[in-house]
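Scroll down for the structure; my scribbles are underneath it.
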Amino acid sequence: MLDKPLLIDGIWRAASGNRTAEVKNPATGQRIAQLPIAERADLDAALGAASRGFETWRKMTALERSRIMQKAAGIVRERAETIAQHMVREQGKPLAEARGEANAAPEHIEWHAEEARRIYGRVIPSRVPGARQMSLREPVGPVAAFSPWNFPINQLVRKISAALAAGCSVIAKPPEETPSACIELARAFQDAGVPAGVINIVFGIPHEVSDYLIASPIIQKISFTGSVPVGKALAAAAASHMKRSTMELGGHAPYIVADDADVAAAAKLGVMLKYRNAGQVCASPTRFYVHDSVYDGFRDSFVAGAKALKVGDGLADETQMGPLANPRRLDAMEMLVDDAISAGAKLECGGRRIGNAGFFFEPTVLSDVPEEARIMNEEPFGPVAALVRVGSVDEAIERSNRLPFGLAAFAFTRSLKTADRFAEELAAGMVSINHFGIAAAETPFGGIKDSGYGSEGGAESLDGYLTTKFVSHVGA
Ligand code: NAD
């Protein structure tokens, strides 16, 4: 499967050159495969295919498109176990998490398939007798989509589903580090009857692919999920060609525990969310602002929870946290922990890599972390929690809103009034109070400020893939 990883014009092929990217198992550090990557000739072929695919797909009725997508969702569901196993081997997450992700993918396809049938326009009363005025929504055109390795199938399925629902074709560049689940996803759409050229998959050197595709006159829309610096560069490139973009970038989510919160429940959920996917989640809680009066209890429960986690190969039954996805993240974790300690934070547990095989890092808790420590300012994207005492709700909100990021925010309180304040005053694209309530297919997913723009869920998801055309006519 990995020897012919490029899907161009409905055919799975090897690359036209000899370059490859290494795919590794993060639990062992061992090589799984050398993945052929695209040359410019392959990108040209994909562009031609996407252009033709767009003409085919846009002319099909919304009902036909929707039915094919629904069928693809069913196929993904049938193959979920295979997809989950691929993700564990290439990305490292525990099998239970991988199964959850694989089974959520069809929900995204189904949601978008349903929305595909509800792309409504408007009729606008005319000033001229006998004239009909309409506002129509049309697919923007071929899309270039770039998805990351932390949720191999889930990040990609949102982009492909939104593009297809709107009537667009897509050239997707999934992550080279975790290709297999992405290939299975595309195969499911193909087996469901998506015509040739509507979905094209290329792997490559990321900046080569994005530079070339964004500049191509065929591509009309860019969708990217990844880091803030890369997102800003791609958004700037898209803007220079007057192309619209959806940017789902990094975050640094505050997790506020007020003095009247259910502290035990907040600590338990905090541990679950913090160490899920070893913290490599854009909406992962990272800055824990806990009221002074409940701080010690929260810290003790949280540390006990973190210490109890079973770290290991994601394929082992007992594993609750797998390795980091690549050695870059290990280096980043060590740097952030050392920096926080030298800034005055206390290391409550963890703080070091585990063993020399694979990319394992201990579930780590830092307490009383000064605001100037790098971890309070840079997205950690790993299994490190930073706990901070606060004296009031005002202080928690002010500190939460201090950074240029604005993706997710979490807060815990038993007071309706305080909950209302969190809902109104936290500067984030998604605010979840007293539970984890984000990322379902039917709810908007996206950030503000440096965390990006556009939505990858909910009815808003299609907005980025549609243009508005105004038509006015009178009978001849
Ligand atoms: P990175 O910035 O090198 O890459 C992030 C993603 O962008 C990768 O999937 C990569 O293939 C892709 N990418 C990089 N340069 C690109 C380019 N010029 N054109 C197109 N795609 C490009 O970082 P990394 O080391 O892979 O990941 C770590 C950082 O990335 C984290 O700190 C986190 O902020 C961010 N990240 C965010 C998400 C998310 O869900 N928002 C997912 C993965 C990574």
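The values are calculated or read from the model by the stated rules, or taken from the named source; none is laboratory data. As the structure is a computational prediction, the values presented were derived from the model and not from experiment. Positions of Cβ are generated from backbone atoms using ideal geometry, with glycine treated the same way; all protein chains shown enter the neighbour counts. SASA here: full protein model, heavy atoms, side chains in, ligands and nucleic acids out. Shrake-Rupley method; radii C 1.70, N 1.55, O 1.52, S 1.80 Å.
Computed values, structure above
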| item | result |
| --- | --- |
| ILE201 being within 11 Å of the ligand (Cβ to nearest atom) and either more than 20 Å from VAL303 (Cα to Cα) or basic (Lys, Arg) (or both) | no |
| From the options LEU315, LEU309, LEU273, residue that is touching a residue at least 24 places away in the same chain (Cβ under 8 Å), within 16 Å of the ligand (Cβ to nearest atom) and surrounded by fewer than 24 Cβ atoms within 10 Å (Cβ to Cβ) | LEU273 |
| Whichever residue in the range 320-334 is over 13 Å from THR364 (Cα atoms) and away from the ligand (no atom under 11 Å from the Cβ) and, among such residues, is surrounded by the fewest Cβ atoms within 10 Å (Cβ to Cβ) | GLN320 |
| Flag for ALA235 being hydrophobic (A, V, I, L, M, F, W, C) and either in contact with a strand residue (DSSP E or B) (Cβ under 8 Å, 6 or more places away or on another chain) or within 15 Å of the ligand (Cβ to nearest atom) (or both) | yes |
| Residue within the range 287-304 that is under 23 Å from VAL390 (Cα atoms), within 16 Å of the ligand (Cβ to nearest atom) and among the small types (Gly, Ala, Ser) present | no |
| The range 210-229, residues that are polar (S, T, N, Q) and near the ligand (Cβ under 10 Å from one of its atoms) | SER210, THR225, SER227 |
| Pair list, Cβ < 9 Å and 6+ apart or interchain, from the range 208-220 residues that are acidic (Asp, Glu) to residues that are open to solvent by 50 Å² or more (accessible area, probe 1.4 Å) | GLU208/ARG40 |
| Selection from the range 335-360 of residues that are within 16 Å of the ligand (Cβ to nearest atom), out of contact with any Asp or Glu (no Cβ under 8 Å at 6 or more places or on another chain) and either open to solvent by less than 10 Å² (accessible area, probe 1.4 Å) or assigned to a loop (DSSP other than H, G, I, E, B) (or both) | VAL337, PHE359 |
| Filter result for the condition that a residue is open to solvent by 70 Å² or more (accessible area, probe 1.4 Å) and either of a type in the set (S, T, N, Q) or not in a helix (DSSP H, G or I) (or both), over ARG89, ARG118, ARG67 | ARG118 |
| Filter result (out of contact with any Pro (no Cβ under 8 Å at 6 or more places or on another chain) and either crowded, with 22+ Cβ neighbours inside 10 Å or not charged (D, E, K, R) (or both)) within the range 412-427 | PHE412, THR413, SER415, LEU416, THR418, ALA419, PHE422, ALA423, ALA427 |
| Any hit, the range 96-110, residues being open to solvent by 10 Å² or more (accessible area, probe 1.4 Å) and either in contact with a strand residue (DSSP E or B) (Cβ under 7 Å, 6 or more places away or on another chain) or among the β-branched types (Val, Ile, Thr) (or both) | no |
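Here is a yes/no grid of residues against (1) out of contact with any Gly (no Cβ under 7 Å at 6 or more places or on another chain); (2) without any contact (Cβ under 8 Å) to a residue 60 or more places away in the chain; (3) open to solvent by 10 Å² or more (accessible area, probe 1.4 Å); (4) closer than 15 Å to PHE288 by Cβ:
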residue: GLU378; (1), (2), (3), (4): yes, no, yes, no
residue: PRO383; (1), (2), (3), (4): no, no, no, yes
residue: SER400; (1), (2), (3), (4): yes, no, no, yes
residue: ASN434; (1), (2), (3), (4): yes, no, yes, no
residue: GLY457; (1), (2), (3), (4): yes, no, no, no
residue: LYS469; (1), (2), (3), (4): yes, no, yes, no
